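Just below is one structure, and these are the notes that go with it.
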Amino acid sequence: MASSVLPTPLLKDELDIVIPTIRNLDFLEMWRPFFQPYHLIIIQDGDPSKKINVPEGFDYELYNRLDINRILGPKASCISFKDSACRCFGFMVSKKKYIYTIDDDCFVAKDPSGKEINALQQHIKNLLSPSTPFFFNTLYDPYAEGADFVRGYPFSLREGAPTAVSHGLWLNIPDYDAPTQLVKPMERNTRYVDAVLTIPKGTLFPMCGMNLAFDRELIGPAMYFGLMGDGQPIGRYDDMWAGWCTKVICDHLGLGVKTGLPYIWHSKASNPFVNLKKEYKGIFWQEDLIPFFQAVSLPKDCTTVQKCYIELSKQFKEKFGKVDDYFNKLADGMVTWIEAWDELNPSAAALPNGPAK
């Protein structure tokens with residue numbers, strides 16, 4: 001007789017799921033088979049007096065703006081308001097080794113055979129296998145089932161590097177900026193590419209926060225989603241900002257970033273006109289910001305994520321402080337974020353995260 005005991009989910013006690021939201025979390029019903037065993041950290045944005053309903057049977061903690069102010073005091077100024085960037089508060093208060101973060105308009109996707117995709121399980125697979133940032137494997141992820149290193153791949157590099165970030169993709173509504181949304185309002189992503197690849201060292205990428213997992217112990221302090229939304233001249237660059245900073249630090253510390261599987265089903269396109277207003281300055285600024293991150297160099301004595309991040313904030317302030325005062329506030333917010341992170345995670349404050357490369 002077949003056993004009715006279900007296998008223990010991977011990393012059940014080592015992973016938190018972080019969800020930023022302004023609405024009831026009915027979308028969790030669809031994710032129940034995959035998410036229910038895990039602890040959820042819900043960051044309620046907007047009006048803290050509004051009651052957010054969470055379906056029964058989930059183990060969760062919910063924080064609103066009043067909680068953030070109470071826990072961080074004056075340092076709460078570094079956490080964005082009225083923007084999904086508020087999710088990074090969940091990264092800070094988590095006590096787990098791994099984080100998966102997802103938006104509340106993301107549903108379970110199906111693979112080409114019609115089978116529902118357990119996105120969380122695939123992210124865990126990505127994080128638990130090494131990356132290959134120092135030499136590209138043309139057969140994508142050599143650690144995946146049925147794959148290996150191709151002829152000519154150096155044996156000295158086949159051990160790989162620890163994977164710090166797993167960046168997942170989306171079917172249906174693509175993650176486009178406002179100008180692209182405006183000219184392609186009906187475009188949908190129907191292409192399912194069965195591949196995971198490591199983003200090479202020295203290469204930046206546009207990181208999307210709606211289907212993202214990372215090793216909090218390896219890279220958590222760099223996962224700051226910046227100052228966005230209410231009171232700021234920019235929005236919708238929160239995950240981009242975290243992605244640029246994180247990739248530079250991963251490259252410096254010899255850590256890997258994977259992108260590709262898993263897919264989620266992104267169900268709701270945001271309003272392109274509202275988005276354009278939020279992105280307007282970012283679209284101009286990114287043309288100078290990206291070359292800065294491409295050229296930035298961190299000294300060898302930056303051996304922890306925290307040290308790297310503080311150094312990055314200094315160099316960023318020197319370069320952009322005179323361009324717009326917002327950049328001074330953002331650089332100061334980076335320092336405040338690290339101070340708050342170390343206060344809430346004191347044991348992690350002095351841990352080296354890997355050898356500087």
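Taking the Cα atoms of the stretch 17-140, what is the range of coordinates along each of the three principal axes, in descending order and whole Å?
So the three principal-axis extents are 50, 36, 23 Å.
In whole Hz and in residue order, list the ³J(HN,Hα) couplings for the stretch 162-171 that follow from phi through the Karplus curve 6.51 cos²θ - 1.76 cosθ + 1.60, θ = phi - 60°; x for Gly and Pro.
Values per residue, Gly and Pro as x: x, 8, 9, 9, 10, 9, x, 10, 9, 9 Hz.
³J(HN,Hα) across the stretch 43-57 via Karplus (A = 6.51, B = -1.76, C = 1.60, θ = phi - 60°), whole Hz, x for Gly/Pro?
For the stretch 43-57, the Karplus-derived couplings read 9, 7, 8, x, 5, x, 7, 6, 8, 9, 8, 10, x, 5, x Hz, x marking Gly and Pro.
Taking H placed 1.01 Å from N in the peptide plane, check which residues at least 5 places from Gly229 or on another chain put their amide H under 5 Å from its amide H.
Distant-sequence amide H within range of Gly229: Ile234, Gly235, Arg236.
Quote the relative contact order of the chain in percent (integer), defining contacts as alpha-carbon pairs under 8 Å separated by 6+ residues.
19 percent
Below 16 Å, Cα to Cα, which lysines can Lys322 reach? Residues fewer than 8 away in the same chain don't count.
Lys281, Lys314
Just tell me the longest site-free run in the chain, where the sites are GluC sites (Glu not before Pro) in a DSSP loop having at most 11 other beta-carbon atoms within 10 Å.
160-357
Compute the length gained on full extension between Asn53 and Ser267: take 0.36 nm times their separation in residues and subtract their Cα-Cα distance, giving the result in nm to one decimal.
75.0 nm
State whether the chain is rounded, prolate or oblate according to the following rule on the C-alpha gyration tensor (a ≥ b ≥ c being the square roots of its eigenvalues): a/c under 1.5 gives rounded; otherwise a/b larger than b/c gives prolate, and the remaining case gives oblate.
Because its axes are fairly even, with a/c under 1.5, the chain counts as rounded.
When ligands, DNA and RNA are left out and all protein chains stay put, how many square angstrom of accessible area per residue does the chain have with a 1.4 Å probe?
Computed with neighbouring chains in place, this is 46 Å² per residue.
Hey, which lysines would be in cross-link range of Lys95, C-alpha to C-alpha under 19 Å, not counting anything within fewer than 8 residues on its own chain?
Those lysines meeting the cut-off are Lys12.
Distance between Cα centroids, the stretch 103-175 to the stretch 181-237: provide it in whole Å.
15 Å
Measure off, as a whole percent, the carbon and sulfur share of the 1.4 Å-probe accessible area of the stretch 230-279, all protein chains present.
Carbon with sulfur: 62 percent of the solvent-accessible area.
Report the full-extension gain for the segment Leu139 to Glu318: residue separation times 0.36 nm, less the Cα-Cα distance, to one decimal in nm.
Full-extension gain reported as 60.3 nm.
So which residue, out of Ser131, Ser49, Ser156, gets the largest mean-square fluctuation from a GNM of the chain using Cα contacts under 10 Å as springs?
Of the options given, Ser156 has the highest mean-square fluctuation.
Straight distance only, please: which aspartates and glutamates reach the Cα of Lys115 with their own Cα at less than 16 Å, same-chain residues fewer than 8 apart left out?
Reachable aspartates and glutamates: Asp194.
Classify the stretch 223-338: rounded, prolate or oblate, from the alpha-carbon gyration tensor (a ≥ b ≥ c, eigenvalue square roots; a/c under 1.5 rounded; otherwise prolate if a/b is larger than b/c)?
Oblate, since a/c reaches 1.5 and b/c is not below a/b.
What does the C-alpha gyration tensor say about the overall shape of the stretch 157-267? Classify as rounded when a/c is under 1.5, otherwise prolate if a/b is larger than b/c, or oblate.
oblate
If R0 is 41 Å, what FRET efficiency do you get for Arg158 and Glu61 from their C-beta distance, rounded to 0.05?
E(calc), rounded to 0.05, equals 0.50.
The values are calculated or read from the model by the stated rules, or taken from the named source; none is laboratory data. If you're wondering where the values come from, they're calculated on a predicted model, not measured in any experiment. Quick reminder, even Gly has a Cβ in these numbers, built from the backbone with ideal geometry, and neighbours come from all protein chains shown. Side chains included, ligands, DNA and RNA excluded: accessible areas come from the protein's heavy atoms. Shrake-Rupley method; radii C 1.70, N 1.55, O 1.52, S 1.80 Å.
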